[in-house]
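Heads up, the thing below is written out as structure tokens.
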Amino acid sequence: MIEMTLKRLTKRQKVEILEAYRSGENTNFLAEKYSCTTNTINRTVKNLLSDGEYSLLKEKRTRASNKKSK
């Protein structure tokens, strides 16, 4: 059984995550870097942004990801 220690991200870490996410950093990389799940990364970013900005960023990241896979 894997034991997880619950820890909260600091305000500074949340800002760093948001900046990295905005610049296109991979969600999996961020989750590993901050020892959390990708869900935590996505939830953190979503909570710090307006719905409109979050949607635009997700769309931009999806388009960039699709271009890389072609």
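In this calculation the C-beta distance from Thr10 to Lys67 is compared with R0 = 30 Å, giving a FRET efficiency of 0.30.
Report the gain in length on full extension from Glu25 to Glu53: 0.36 nm times residue separation, minus Cα-Cα distance, nm rounded to one decimal.
On the way: separation 28, 0.36 × 28 = 10.08 nm, distance 1.63 nm.
Taking 0.36 nm per residue and subtracting the Cα distance, the gain is 8.4 nm.
Histogrammed with a bin width of 10 Å, the alpha carbon distances of segment 2-70 distribute as 19, 52, 23, 6 percent, first bin at zero.
Within the straight-line cut-off of under 21 Å between alpha carbons, the lysines reachable from Lys33 are Lys7, Lys11, Lys14, Lys46, Lys58, sequence neighbours fewer than 8 places apart in one chain being disregarded. Note on Glu19: accessible area is roughly 110 Å² with a 1.4 Å probe, heavy atoms of protein only.
The values are calculated or read from the model by the stated rules, or taken from the named source; none is laboratory data. Please read these numbers as outputs of a predicted model, since none were measured by experiment. No Cβ is skipped: glycine too gets one built from the backbone with ideal geometry, and neighbour counts run over all protein chains shown. Side chains are part of the model used for accessible areas, which takes the heavy atoms of the whole protein and leaves out ligands, DNA and RNA. Shrake-Rupley method; radii C 1.70, N 1.55, O 1.52, S 1.80 Å.
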